[in-house]
Amino acid sequence: MKITVFGSGYVGLVTGACLADVGNQVMCMDVDQGKIDKLKQGVIPIYEPGLEEMVKDNMMAGRLQFTTDVREAVDFGLFQFVAVGTPPDEDGSADLKYVLAVAKSIAEYMTDYKIIVDKSTVPVGTADKVKQAVLNVLAERGESQEFDVVSNPEFLKEGSALDDFMKPDRIIIGTDNPRTAELLKALYAPFNRSRERVITMDIRSAELTKYAANAMLATKISFMNELANLAERLGADIEHVRHGIGSDSRIGYSFIYPGCGYGGSCFPKDVKALERTAKEMGYHAELLSAVENVNDRQKHRLFEKVSAHYPDGVKGKIFALWGLAFKPNTDDMREAPSRVLIDALIDAGAKVQAYDPEAMHEAQRIYGDKAGLAYCEMQPDTLQNADALLIVTEWKQFRSPDFEQLNHQLKDKVIFDGRNMYEPKLVKQAGLKYYAIGR
């Protein structure tokens, strides 16, 4: 099949590469000439395990191409995937200007039947707005073209996006046209061979499903962080509690890891957007507000622990910081807890020596030459003259440090662990003070 993907960011690039990898002809369109030029050279703008190889392989095979030409992109595919950003507006609602701009572009150049597929995370009712935008432009052109608008939300986890696309838990297709549903099923047939993963429903339910999924996962995280804060006060170990409740099949082990808060491009934005949607409908979504408030508070927990350990303040202290990305296997620092911690430490007069396996360039893009922040090329470099160690991202390479060596290098012999990576007894046996979350 011939597929056009508007937007060559995270979702668009993964979608285009994976659809091409099963034999389709895919054209990715983006208005950013610099990004497209780099993609044509095989330079990937994001870090996602396996993505660079997949893009290059499919480009070499002639199945994946890139363009900035809107007319060429619209002419190319029967399926017109919309995978552009929906950044939060000032009131927390999703900004649909990019989605609607793509819809208008498609309407301006379409000359035959098109299936417009909303892949971006969009509020309930967006498909109606997209449809109306297309109809308005067609009316201005004095033409009548058949088209359908479909909601097909993505459920990609950064760090495992290729597996999520190639072996999905479910494929949600929201459409009011049975014929269009069959065409989408045919498109997704290569990813649906071992068992039936396609779930068809009305468009508005499909749009809500995406927000509901992310809000549910965010709720589990905030709930565990709330329990972790309580466990500290009760003298309980949240890790034991996690095992105890995770063994219940109704709860499960996924997303019940306490820590220093969630970040990224999805959970914070989507919880706010769903809360805003509820407000527009005259409904106060109390639980969503609580999930957001707990997470915002949790991002300050590490600094609170640091402040409690140093009652005279941290001015002049040097902190080694392991982890900048909001989660492992990505370079994404959007809404990352590390950013809250870095700002708080530097504002308090401390210095930070930071390292992340993939997010160093992103940190430099965000902070530039910020006073008090040093970018370390290697993990051991962070420990030079450091008073204490902070852990914010649970990268695998941080799991088994030499605690005896840390004891010798850290002047104050203390670790603040925002991801509960270590066994407290083991750390203390090495002569280190250890602060974790809920332990």
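The table below lists the values:
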quantity: Using distinct alpha-carbon pairs, which all enter the 1/r mean, Kirkwood radius of the range 197-315 in Å; calculated: 16.2
quantity: q = 0.14, 0.22 Å⁻¹: log10 I(q)/I(0) that the Debye formula gives for the range 1-134, counting C-alpha atoms only; calculated: -0.59, -1.32
quantity: Global geometry of the range 86-171, whether rounded, prolate or oblate, following the gyration tensor of its Cα atoms and the 1.5 cut on a/c; calculated: oblate
quantity: Normalised convex hull volume, the range 44-117, alpha-carbon set, Å³ per residue; calculated: 127
quantity: Two-decimal ratio, the range 1-40, of alpha-carbon radius of gyration to 2.2 N^0.38 Å; calculated: 1.09
quantity: Cα centroid separation, the range 137-216 to the range 223-271 (Å); calculated: 30
quantity: Descending semi-axes in whole angstrom, ellipsoid equivalent of the range 19-64, from the Cα gyration tensor; calculated: 17, 13, 9
quantity: Probe 1.4 Å - accessible area at ARG439, Å² to nearest ten; calculated: 70
quantity: Under-5 Å amide H pairs with ILE199, H placed in peptide plane, nonlocal only; calculated: ILE171, ILE172, ILE173
quantity: With every protein chain in place, the range 314-390: carbon and sulfur % of accessible area (1.4 Å); calculated: 45
quantity: Overall Cα dimensions of the range 395-439, principal axis frame, Å, largest first; calculated: 24, 22, 16
quantity: Taking the C-alpha atoms of the range 237-307, convex hull volume expressed per residue in Å³; calculated: 116
quantity: For the chain, built as a Gaussian network whose Cα springs stay under 10 Å, the top-fluctuating residue of LYS279, LYS220, LYS131; calculated: LYS279
quantity: Of every Cα-Cα pair in the chain, the percent that sits beyond 40 Å; calculated: 25
quantity: Phi to ³J(HN,Hα) by Karplus 6.51 cos²θ - 1.76 cosθ + 1.60 over the range 309-319, Hz, x for Gly, Pro; calculated: 6, 10, x, 8, x, 10, 4, x, 6, 10, 10
quantity: Amide H partners (placed H, <5 Å) of ALA336, local residues excluded; calculated: GLY264
quantity: Hz values of 3J(HN,Hα) by residue in the range 288-305 - Karplus curve (6.51, -1.76, 1.60), Gly and Pro given as x; calculated: 5, 4, 5, 4, 5, 5, 4, 5, 4, 5, 5, 5, 9, 5, 5, 5, 5, 5
quantity: Whole-Hz ³J(HN,Hα) from phi, Karplus 6.51 cos²θ - 1.76 cosθ + 1.60, for the range 59-73, glycine and proline x; calculated: 5, 4, 7, x, 9, 10, 9, 10, 8, 10, 8, 5, 4, 4, 5
quantity: Alpha-carbon spread of the range 228-273, three principal axes, descending order, Å; calculated: 35, 27, 13
quantity: Dimensions (Å) - the range 162-267, Cα atoms, principal axes, largest first; calculated: 59, 28, 24
quantity: Reduced Cα scattering model of the range 288-439, Debye log10 I(q)/I(0), q = 0.08, 0.15, 0.18, 0.19 Å⁻¹; calculated: -0.20, -0.73, -1.09, -1.22
quantity: Square roots of five times the Cα gyration tensor eigenvalues for the range 240-371, Å; calculated: 29, 19, 17
quantity: Taking the C-alpha atoms of the range 100-247, convex hull volume expressed per residue in Å³; calculated: 146
quantity: Rg over Rh, two decimals, the range 272-314 (C-alpha only, Kirkwood Rh); calculated: 1.31
quantity: Accessible surface, per residue, of the chain when the full set of protein chains is kept, probe 1.4 Å, Å²; calculated: 45
quantity: 5 angstrom amide H check on ILE44, placed H, neighbours 5+ away; calculated: none
quantity: Mean ellipticity per residue at 222 nm, deg cm²/dmol - from DSSP H runs of n ≥ 4 across the chain, formula -39500 (n - 2.57); calculated: -13500 deg cm²/dmol
quantity: Two-decimal Rg to Rh for the range 316-405 - Kirkwood Rh, Cα set; calculated: 0.93
quantity: The range 1-160, accessible surface, carbon-and-sulfur percent (1.4 angstrom probe); calculated: 47
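The values are calculated or read from the model by the stated rules, or taken from the named source; none is laboratory data. Just so it is clear, the model here is predicted, and its values are computed rather than measured. Note: accessible area is taken over every heavy atom of the protein model, side chains too, but ligands, DNA and RNA are not part of it. Shrake-Rupley method; radii C 1.70, N 1.55, O 1.52, S 1.80 Å.
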